[in-house]
């Protein structure tokens, strides 16, 4: 059966034609290219179609290159992954227990994601922000999401720091190191660091997002990006990289093997993240790789080593879920190699539990949405979705009675409700979620001024408790508020939230002030 017979093209029919941005997709099997296609446009204004040599941002796929460079320096005796980050970054506030370079590379440091910290500091991502601006914010952030090593929450901060440490130790810019030691020898001539969206690169695509009226607009960030997500590449170059990963040189094979070993939580259960690589299982097969998300773009590079399958997806639009789409390609190409699809009955039963839930004894909120699936999410229309502040994601039935979001950086598994309560595990630790108990608190008790002097934040809640404004020297962010429970408010940048849409954060009302919680920021304090 040919790749065309497997229906891979059918997955991408929504993105063909000259009216929208799209994706470039390649599939390899046993080291041979079996499918390559580009769907949609590289530049809507100029009418330029996407192609295999169109340059697009790959975002967080950069992380694997940063970690591999760190491991090369470790082998040369210039650093150790067991070193404390403070050995190299003395300006970072001390933590109760040391954060190691390994924890930076494994997303287990507990350090809050600097992208969210910029948001809570009032600096929108399109606004200009230099590395010095980001360091200034991080230098004030002594609080962590959890003690280092105890959990895994995706944090761009770890890889920003690791990239700067690599540059410091090697005495060379990251772009030069990547070219000299990795991409250059592999002939990846169109791959480079692109610190700013304003840079002009040959053959570069425009990146797109939907505007307020639904029309396509150019998307950009003003951030200066580095080892956490600053690379741009092409489909052809990323195919070269994936071919190398499948059959690496004897020099680098041991280092890549280390990167693909899942970290372990304190209870011994495995993380879905190694060192700069996602390490997960799907229908009985290991899948290894990484995705990326930037302003107006999404990407994924995924390998199924046991089936000798590789998938690369680069997109210049931000409304797609390449991780799920890569797995849908595997469903078709590896139909004879994968374990049978889980039964649909449990997912239908989960759909009947649609609604919003709050973590028992905590502030995290999830929403189950029945029949919210779309092609962009790699899901059938009837598929239920899980929604958090990170947005909607397809729900997988991973084993009998166990579900998980099809997102490799969210370590949540859960079951069907029992007596209305959803049993769950977070990073290996048992927890549970109960239905929200809707009700409003007293607006007068919440209205007023708040501050976090250490972080340089000031906040004001309006008299009717419908808005909060958070300010710092970097700017201001205004969020709409809506009561979820008498002690919990939902915060969104939009005036109102529709079912199935994500949110920015929740705010818990305490006697001393407010605690802000999102997917990547836990219990940020705003004191009375």
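What follows draws every value from the coordinates through simple rules; no lab data is involved. It should be emphasised that the depicted structure is a prediction, and the values quoted were computed from it without experimental measurement. Backbone-built Cβ (ideal geometry, glycine too); neighbour counts: all protein chains shown.
Results, tabulated for the structure shown:
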quantity	calculated
Residues 411, 86, sorted so that the one with the fewest Cβ neighbours within 10 Å comes first	86, 411
C-alpha center-to-center spacing [region 290-314, region 85-128] in angstrom	26 Å
Linear extension gain, residue 473 paired with residue 14, 0.36 nm per residue minus alpha-carbon span	160.9 nm
Packing-based exposure ordering (other Cβ within 10 Å, fewest first) of 87, 343, 140	343, 87, 140
Compactness of region 152-259 as Cα Rg over 2.2 N^0.38 Å, two decimals	1.24
Backbone N under 15 Å from the residue 349 label point (7 Å along Cα→Cβ), restricted to region 400-417	400-404, 414-417
Rule-of-thumb Rg ratio for region 42-84 [Cα; 2.2 N^0.38 Å; N residues]	1.96
Gained length - residue 512 relative to residue 332, 0.36 nm times residue gap less alpha-carbon distance	59.3 nm
Overall Cα dimensions of region 227-362 - principal axes, largest extent first, Å	50, 39, 38
Sorted by Cβ density within 10 Å, fewest first, the residues 433, 88	88, 433
Length gained when the stretch residue 269-residue 97 is fully extended (0.36 nm per residue, less Cα-Cα span)	59.7 nm
Relative contact order of the chain, pairs being alpha-carbon contacts under 8 Å that are 6 or more residues apart, as %	14 percent
Volume in Å³ per residue [convex hull over Cα atoms, computed for region 94-195]	121 Å³
Calculated over region 1-109: convex hull of Cα atoms, volume per residue (Å³)	204 Å³
Label-point separation, residue 437 to residue 135 (7 Å along Cα→Cβ), nm	4.9 nm
Region 443-527: mean projected area of Cα convex hull, nm²	5.5 nm²
Relative intensity, log₁₀ I(q)/I(0), of region 344-435 from a Debye sum that treats every alpha carbon as a point, q = 0.10 Å⁻¹	-0.21
Convex hull of region 245-296 built on C-alpha atoms - directionally averaged projected area, nm²	5.6 nm²
Part-to-part distance (alpha-carbon centres) for region 481-528 and region 325-365, which is given in Å	27 Å
